[in-house]
Amino acid sequence: NMAATAVGEYDTVIQVWGVIEKLYQFVGGANDAFSIGFLPAASYAYAAKRYKRYLILSLHMLWLMAAWGTFTCIFTWSIPKQLAMMFSDGEGYLKYAEKMVRYNNALGFIAGIRMVGQSMLQSIQKGPRATILSFINNFVMIFVFNYVLYYTNPHDGARIIWCYPLSQVASCVISPLFLWRPIKELLKKSKEEDAEAEFAGIEAELADTD
């Protein structure tokens, strides 16, 4: 709002911002769906102590989000003007819309990282940690980068939208810090699970020979 007011085109920039929110549903909605689909399956795998399966499910969620994000990133970077024109075609509107549509999803290939971290923590029953991570990634980082971008150049209304891609970069640093210990424990338990399965197999073979 402050940047839009500073450039003297508040209504236009806010109109574009509303369009950005609509278009991002196309990007973020799929990541939400992957996360929602992951949670019950992963929670069950963790509760059943099938740690290897849990890790495989996590990897699937990660690559699906990365693949979808890459596709949408290429899409929005290639034809931002055409996408913006689905909602309006005013000259002043397109002046900002073309830039902001492109910038908003510029790093779409890493957009799912924040959801991966939050979902993994929720599925292993670490709700408070997931809440803190979500608050940092989805509020604090956006808030911080918004003000940094504004105060370093208050007269560029389109530039402010970079607060979202930059918050995604920050989530790639912050999320692993929250996940490091849980993943380390999961890998250890996964190895123990393999060892137990191998031992059970040997016992079964010995029983058959008897």
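The values are calculated or read from the model by the stated rules, or taken from the named source; none is laboratory data. All figures in this text were calculated on a predicted structure; none of them were measured in a lab. No Cβ is skipped: glycine too gets one built from the backbone with ideal geometry, and neighbour counts run over all protein chains shown. Heavy atoms of the whole protein, side chains included, go into the accessibility calculation; ligands, DNA and RNA do not. Shrake-Rupley method; radii C 1.70, N 1.55, O 1.52, S 1.80 Å.
Over the range 53-182, with every protein chain in place, what whole percent of the accessible area is carbon and sulfur at 1.4 Å, could you tell me?
The value for the range 53-182 is 68 percent carbon and sulfur by accessible area.
With a Förster radius of 25 Å, plug the Cβ-Cβ distance of D156 and A67 into 1/(1 + (r/R0)^6) and report the FRET value to the nearest 0.05.
Approximately 0.20, to the nearest 0.05.
On average, how much accessible surface per residue is there in the range 1-148, in Å², for a 1.4 Å probe, leaving out ligands, DNA and RNA? Walk me through the numbers before you get to the answer.
Numbers: 7700 Å² over 148 residues.
It amounts to 52 Å² per residue over the range 1-148.
What are the ³J(HN,Hα) values, in whole Hz, obtained from phi via the Karplus relation 6.51 cos²θ - 1.76 cosθ + 1.60 with θ = phi - 60°, for each residue of the range 85-90 in sequence order, with x given for Gly and Pro?
3J(HN,Hα) across the range 85-90, in whole Hz: 6, 5, 10, 6, 9, x.
Against the longest alpha carbon principal axis of the chain, how many degrees, from 0 to 90 and to the nearest 10, is the axis of helix 10-47 turned?
Taking the Cα atoms of the chain, the angle to 10-47 is about 0 degrees.
How far is helix 113-123 tilted, in degrees, relative to the longest principal axis of the Cα atoms in the chain, given as a value from 0 to 90 rounded to the nearest 10?
40
Against the longest alpha carbon principal axis of the chain, how many degrees, from 0 to 90 and to the nearest 10, is the axis of helix 91-104 turned?
Around 20 degrees separate the two axes.
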